[in-house]
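Q: First, the structure itself, so that you have it in front of you.
The values are calculated or read from the model by the stated rules, or taken from the named source; none is laboratory data. Computed from a predicted structure; not experimentally measured. Neighbour counts run over all protein chains shown; Cβ positions are idealised from the backbone, glycine included. Just the protein is used for accessible areas: all its heavy atoms, side chains included, with ligands, DNA and RNA removed. Shrake-Rupley method; radii C 1.70, N 1.55, O 1.52, S 1.80 Å.
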Amino acid sequence: MRHGFGVAAVNGTAALHIALQVAGVKPGDEVLISTLTFIAPGNAIRYVGAWPVFIDAEPEYWQIDPQKVLEFLEKGCRWREGALYNKATGRRVRAVLPVHILGHPVDLDPIREAARKFNLAVIEDATESLGAKYRDVMVGNLGDVACFSFNGNKIITTGGGGMIVTNNEEWARKAKYLTTQAKDDPVEYVHNEIGYNYRLTNLLAAMGCAQMEQLPAYIDTKRRIATAYSKALEAVPGITPMREAPWAYSTFWLYTILVDRSAFGIDSRALLRRLEQEQIQTRPLWRPIHRSRAFVDCGLFECPIAERLNREALSLPCSVGITEEDLHTVLDVLNSSFSESHQSQRSARSS
Ligand SMILES: Cc1ncc(COP(=O)(O)O)c(C=O)c1O
């Protein structure tokens, strides 16, 4: 199963902006999205004048929770004249936008089934997970349309770049049209719609082709790094290593752990600072989007799992260029942070 059409774009955010339009998302519509993701897909929904409905993450693999998607569609919406409307806002629900975060796929079957049942488009944000597989199918081939990013921090890069893929020829043509200034005549400057200059340059496209050749080797390396971290960390109290679902093939693009303060002794932010003292850069996971001030107009959402993951998660250095020595330094500092915090707790108790 593989989509037949690809349209290059200047970056992943532009790709999402266009994907939403070709999928028929209109101003005033609603699109379901996990609150635990990078801000770009939330922004893209707003660019088209639509509204995100924020769904909580599931606790195992930290992706959008399919059960909560279903619960919202079944209990929070009603049918009117062949279309689905949010009971609370009265807005039309048009699409679901699963984001495969950190290199791991979303559990897509229940989401695709719900989308079929409720007549919604599925727009995959696969920007963080190029090369990951869901039940043996590469992510990006499972929705109606999907987007990739070749930003500098992604598994392959053109410095900046993106791609829209779909099996719908008409949508692909429309995407090409919109990304290239919506030109309606090959010679004359005729424009029937508002278009965008969202092209990827030829130079960067050539770089992308060369980078694609490296992808299998990069994924192997990422998976080796993940195995090394997970093996070393599974025995450390209070640390939950990143996992891979039985139905998933993860690229482990951004290796992330959870830090339980009560068992580990310090919380994720204190650990971040401790690692920083040793010149080791780590990052928390995103603040849930519904808590960003830019999105306050979207309404109130309860997403306790995403809140907890935001508090506890820490992404560790995992570039494909990381050396064995660097990896061991990270692990040494993690282990010594655990011993130090327990030692200071013991001495606090005895004094
Ligand atoms: C989940 C997600 N969506 C979209 C994007 C946007 O891609 P770009 O930076 O290429 O615009 C990114 C990252 O950059 C991302 O992590």
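Q: Please work out which one of (1) within 16 Å of the ligand (Cβ to nearest atom); (2) more than 24 Å from W247 (Cα to Cα) is the condition K87 fails and give its number.
A: (1)
Q: Could I ask something else about it? Tally the residues that are touching a strand residue (DSSP E or B) at 6+ places or on another chain (Cβ under 8 Å) and either acidic (D, E) or touching a residue at least 60 places away in the same chain (Cβ under 8 Å) (or both), restricting the search to the stretch 160-195.
A: 14
Q: Given the options E81, E71, name the one that is out of contact with any Leu (no Cβ under 9 Å at 6 or more places or on another chain) and under 23 Å from P304 (Cβ atoms).
A: Answer to the selection: E71.
Q: Looking at the stretch 1-48 only, could you name the residues that are assigned to a strand (DSSP E or B), open to solvent by less than 20 Å² (accessible area, probe 1.4 Å), closer than 17 Å to Y177 by Cα and away from the ligand (no atom under 11 Å from the Cβ)?
A: V7, the sole residue that qualifies.
Q: Whether any residue in the stretch 115-129 is among the polar types (S, T, N, Q) and within 11 Å of the ligand (Cβ to nearest atom) is what I want to check.
A: Scanning the stretch 115-129 turns up at least one residue that is among the polar types (S, T, N, Q) and within 11 Å of the ligand (Cβ to nearest atom).
Q: Output the number of residues of the stretch 309-323 satisfying the condition of being touching a Lys or Arg at 6+ places or on another chain (Cβ under 8 Å), in a loop (DSSP other than H, G, I, E, B) and open to solvent by less than 40 Å² (accessible area, probe 1.4 Å).
A: Of the residues in the stretch 309-323, 1 are touching a Lys or Arg at 6+ places or on another chain (Cβ under 8 Å), in a loop (DSSP other than H, G, I, E, B) and open to solvent by less than 40 Å² (accessible area, probe 1.4 Å).
Q: Pairs needed: first member in the stretch 67-81, in contact (Cβ under 8 Å) with a residue 24 or more places away in the chain; second member anywhere, in a helix (DSSP H, G or I) and not hydroxyl-bearing (S, T, Y); C-beta distance under 7 Å; at least 6 residues apart or different chains.
A: V69/I111; V69/A114; L70/P110; L70/A114; L73/A114
Q: Looking at T227, T221, T201, T256 in this structure, which one is over 17 Å from N310 (Cα atoms) and in contact with a Phe, Trp or Tyr (Cβ under 9 Å, 6 or more places away or on another chain)?
A: T227
Q: Report yes if Y61 is within 30 Å of T157 (Cα to Cα) and among the aromatic types (F, W, Y), otherwise no.
A: In short, yes.
Q: In addition: Find the residue count for the stretch 90-146, including only residues that are part of a strand (DSSP E or B), under 21 Å from I39 (Cβ atoms) and among the charged types (D, E, K, R).
A: Of the residues in that region, 3 qualify.
Q: Here is a further query. Restricting attention to helices (runs of 4 or more DSSP H) lying wholly within the stretch 164-274, give those where 3 or more residues are over 30 Å from G24 (Cβ atoms).
A: In the stretch 164-274, the matching helices (runs of 4 or more DSSP H) lie at 202-233, 261-264.
Q: Residues that are in contact (Cβ under 8 Å) with a residue 12 or more places away in the chain, among the polar types (S, T, N, Q) and either within 13 Å of the ligand (Cβ to nearest atom) or not in a helix (DSSP H, G or I) (or both): does the stretch 147-155 have at least one?
A: Within the stretch 147-155 (the criterion being in contact (Cβ under 8 Å) with a residue 12 or more places away in the chain, among the polar types (S, T, N, Q) and either within 13 Å of the ligand (Cβ to nearest atom) or not in a helix (DSSP H, G or I) (or both)), the answer is yes, since at least one residue qualifies.
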